[in-house]
Structure formats: structure tokens, C-alpha cells
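Notes follow once the structure below has been shown.
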Amino acid sequence: MLPLRLREPLPDADGMIACADAPAAIAALDSRRPRKLGEPMESKYYRNWHLAKSNSEFLVTEFEWALVRLYEAFTRWVSTTSSVLIDEDIKFSEHMILHVIRMHDRPKNAVTIARMMNRDDVANIQYSLRKLEAAKLIVKSKDKSGKTFSYSVTDRGEQITEGYADIRSDLLIRAVSTISNIDERMAEMTQLIGVLTGIYEEMARSSATFSAQYE
């Protein structure tokens, strides 16, 4: 009678694999181990993904989708936290503009705000500024040139931004601080994202010369 060959390996009392195909089973188990950071992925996992035709493209795509999810989580955090502090129809981008205006306690005009946030939609920023002004969170004043306006936070705006900072410190910063070597890792990520921001900006300009090829 031929020996029974198990189709799936079964562990014995010592936790070892007991079957006639033990070497193959061990190899199969090893293939299912978690992939190490930066380790090449088998092509079968990304070959049908139109944004990833190689391992490098897969890693960039993973980063981009992680960035999208981080952005969405960040917007929910800011909007939810801010809604506790103010009962106004103030959107995420407007909350961020408010914090930018408060930064360093120096008045800023729309162009400066756009530059600091890496935005080029000045018209939308001006609309947000009008909403913040109507909510009495900021006040505008003419620049020395008399041609443009700069914006500063009001006492109410300062109260809202301080309240956000307190909640952020109590909840978010406390949670983040539990990550090992978080200061060094944050500094490295900030530097890397700064470099990638420059690359994406340059490639956005370069893509204009390529667009005709793909129509």
C-alpha cells in the first residue's frame, strides 16, 4: 500500500511539519512570510496593476496610495477636531489657511498663503479668506503699497487655533510619540517628502511636453 501523502501539511506535537512533502511545504510557508521593507515583490502581485509594471513602480504606487489615504485621514482629523471648537461652515482648507495666517503671528496676503501651501488657485484662497473674515476669525488690512491686503487672526481666531493646538497635543502628538524613534523618522520623512515634492513639481511641468504623444 502506498504511503498517504497529505495535501496540506499538519504540525505535529512539537509544531514541526509532518508530511511526505515536508520540504515543499516548508518552502510554501516561507513564501507566505511578510515581505521586508523594500524587498522586491513577486511580479504576480502587481503584473495586472496598470500603475505598476515593475517592483520599483509598485513601491512608488504604494507610496502614492499611502499618501492619498494619509491626506484623507488628515482632513478628517482636522475637520472633526475643529468642529468641536467652532460651529461654522468652515472647511478643511479654510482651517489650514487660518493656521497659516496665525503662523509666526505675522500678517500674510493671499499670494504668500498660496506659496506656503504650494497652491496655485489664488482665487479659491481669496474665497476662503472672505469666509474666514465673515466668521470673524481673521481681519484684513491694506499693505504698505496700498494695492493688496494682508490678513491677521482676530482674538476669536487665536482662541480657535489655540484650542486646536491643545487638542492636537493631548491626542495626536501623544499617540504619535509612542512610535519608536519618531523624531528622527519624522525628520527623515519630511526631508524625503520635500525632495519628492520638487520632483513631482518638475515632472508636472515636463509632462506638458509629453501630453501630445499619448492622445
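The values are calculated or read from the model by the stated rules, or taken from the named source; none is laboratory data. Everything quoted here is computed from the prediction, not taken from an experiment. Here the Cβ positions follow ideal geometry from the backbone for every residue, glycine too, while neighbour counts run over all protein chains shown.
Give me the residue from segment 38-66 that is modelled with pLDDT of 65 or more and of a type in the set (S, T, Y) and, out of that set, surrounded by the most Cβ atoms within 10 Å (Cβ to Cβ).
Initially, segment 38-66 is screened for residues modelled with pLDDT of 65 or more, giving 39, 42, 48-66.
The next check asks that each one be of a type in the set (S, T, Y); those that pass are 54, 56, 61.
On the way: S54: 13, S56: 10, T61: 15.
The qualifying residue surrounded by the most Cβ atoms within 10 Å (Cβ to Cβ) is T61.
When you go through R35, R76, R69, R5 one by one, which is the residue that is of a type in the set (D, E, K, R), at pLDDT below 65 and under 22 Å from M189 (Cβ atoms)?
R35
Among the residues in segment 185-203, are any exposed (fewer than 10 other Cβ atoms within 10 Å of the Cβ) and more than 24 Å from R119 (Cβ to Cβ)?
no
What are the pairs, 6+ residues apart or on separate chains, where a residue within segment 117-146 that is under 13 Å from S93 (Cβ atoms) has its Cβ under 8 Å from a residue that is of a type outside the set (A, V, I, L, M) and part of a loop (DSSP other than H, G, I, E, B)?
If the second residue must be of a type outside the set (A, V, I, L, M) and part of a loop (DSSP other than H, G, I, E, B), the pairs left are I125/R119; S128/K91; K131/D89.
Name the residue, out of D89, D30, D14, that is among the charged types (D, E, K, R), modelled with pLDDT under 95 and within 30 Å of Q159 (Cβ to Cβ). I'd like the intermediate steps shown before the answer.
Numbers: D30 fails: within 30 Å of Q159 (Cβ to Cβ); D14 fails: within 30 Å of Q159 (Cβ to Cβ).
One residue alone meets the criteria, D89.
Looking at the structure I just gave you, is S83 assigned to a helix (DSSP H, G or I) and modelled with pLDDT under 90?
Details: assigned to a helix (DSSP H, G or I): yes; modelled with pLDDT under 90: no.
Answer is no for this residue.
Output the qualifying pairs, or none if there are none: Cβ atoms under 8 angstrom, residues six or more apart or on different chains, first residue in segment 56-84 and over 20 Å from H95 (Cα atoms) and acidic (D, E), second residue at pLDDT 95 or above and not in a helix (DSSP H, G or I).
none
Look at M103 and say whether it is under 21 Å from R168 (Cβ atoms) and either at pLDDT below 70 or more than 19 Å from the chain's Cα centre (by Cα) (or both).
It is true that M103 is under 21 Å from R168 (Cβ atoms) and either at pLDDT below 70 or more than 19 Å from the chain's Cα centre (by Cα) (or both).
Could you grab me the full set of residues in segment 98-116 that are in contact (Cβ under 8 Å) with a residue 12 or more places away in the chain, among the basic types (K, R) and in a helix (DSSP H, G or I)?
Result: R102, single match.
Taking the condition loosely packed, with under 13 Cβ neighbours inside 10 Å and polar (S, T, N, Q), does S128 pass?
no
Which ones in segment 146-181 are part of a helix (DSSP H, G or I) and among the aliphatic types (A, V, I, L, M)?
Correct list: I160, A165, I167, L171, L172, I173, A175, V176.
Condition check: under 23 Å from the mean Cα position of the chain (by Cα) and either in contact (Cβ under 8 Å) with a residue 40 or more places away in the chain or closer than 24 Å to L196 by Cβ (or both). Does T178 satisfy that?
no
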